[in-house]
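In what follows, a single structure is set out as structure tokens and then discussed.
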Amino acid sequence: MYQTDNDTTRPDQLPTALRAALWPLAAAGIGSAATQAGVKSWYPKLDKPEFNPPSWVFGPMWTTLYVLMGIADFIISQRGDSDEAENARTIYRVQMVLNAAWSVLFFGLRSPLAALVEIVFLWVAILLTILAFARISKLAALLLVPYLLWTSFAAVLNASIWYKNR
């Protein structure tokens, strides 16, 4: 196939790029479906802290984060089939499952407490993903830092909502 001397995207990399996009798309789809169930009926009735962002912030924020996750995964997938890259991508996939599960727990099951417990595991999984990606690509790891920061904020928000509504 078409070859270059640098790391730019080549036409033969399209299948890899599409596979890298599947995990964020799946997590976003599951999360969105679970969120729709409670965001209009249950969530507005909850007592929320003053620092709760307006609802319009969440869509663009998560879209940006999912794009960054997909790019980071694509970068790692370009590093070959080494055990280190496969292990890093396995950790990445685990955190993507945890990402989708949070919305199911919080909005679908309407359980801020279960979601709070779960978000701790998600946060750890994101950190482990960043550390694993950093051994392979500093750029891929850096692309996940906003996700860790947003999840940190989400954990504080989740805890506050749970506390105010227990």
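Observations, loosely collected:
- Hey, Ala101 within 11 Å of the chain's Cα centre (by Cα), more than 15 Å from Leu68 (Cα to Cα) and crowded, with 20+ Cβ neighbours inside 10 Å or not: yes
- Those residues of region 37-68 which are without any contact (Cβ under 8 Å) to a residue 40 or more places away in the chain and either over 30 Å from Leu109 (Cβ atoms) or surrounded by 13 or more Cβ atoms within 10 Å (Cβ to Cβ) (or both), in sequence order: Phe58, Trp62
- Ile71 meets each of the listed conditions (1) part of a helix (DSSP H, G or I); (2) surrounded by fewer than 20 Cβ atoms within 10 Å (Cβ to Cβ); (3) in contact (Cβ under 8 Å) with a residue 60 or more places away in the chain; (4) over 15 Å from the mean Cα position of the chain (by Cα) apart from (4).
- Check on Arg79, closer than 19 Å to Ala33 by Cβ and in a loop (DSSP other than H, G, I, E, B): no
- Scan of region 83-98 for residues that are over 17 Å from Ala141 (Cα atoms) and in contact (Cβ under 8 Å) with a residue 12 or more places away in the chain, ordered by number: Val97, Leu98
- Within region 120-147, being assigned to a helix (DSSP H, G or I), among the hydroxyl-bearing types (Ser, Thr, Tyr) and touching a residue at least 60 places away in the same chain (Cβ under 8 Å) holds for one residue alone: Tyr147.
- Those residues of region 100-125 which are closer than 22 Å to Leu139 by Cβ and modelled with pLDDT under 95, in sequence order: none
- Ala85 crowded, with 21+ Cβ neighbours inside 10 Å and either in a helix (DSSP H, G or I) or out of contact with any helix residue (DSSP H, G or I) (no Cβ under 8 Å at 6 or more places or on another chain) (or both): no
- Output for region 107-119, where each listed residue is assigned to a helix (DSSP H, G or I) and under 14 Å from Trp162 (Cα atoms): Phe107, Pro112, Leu113, Ala114, Ala115, Leu116, Val117, Glu118, Ile119
Each row is one residue, and each column tells you yes or no for (1) surrounded by 15 or more Cβ atoms within 10 Å (Cβ to Cβ); (2) under 12 Å from the mean Cα position of the chain (by Cα).
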position: Ser111; (1), (2): yes, no
position: Phe121; (1), (2): no, no
position: Thr129; (1), (2): yes, yes
position: Ser137; (1), (2): yes, no
position: Val145; (1), (2): no, yes
position: Thr151; (1), (2): yes, yes
position: Val156; (1), (2): no, no
position: Ile161; (1), (2): yes, no
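The values are calculated or read from the model by the stated rules, or taken from the named source; none is laboratory data. Computed from a prediction, not measured in an experiment: that's the story for all the values here. Don't worry about glycine lacking a Cβ; one is built from the backbone with ideal geometry, like all the others, and counts go over all protein chains shown.
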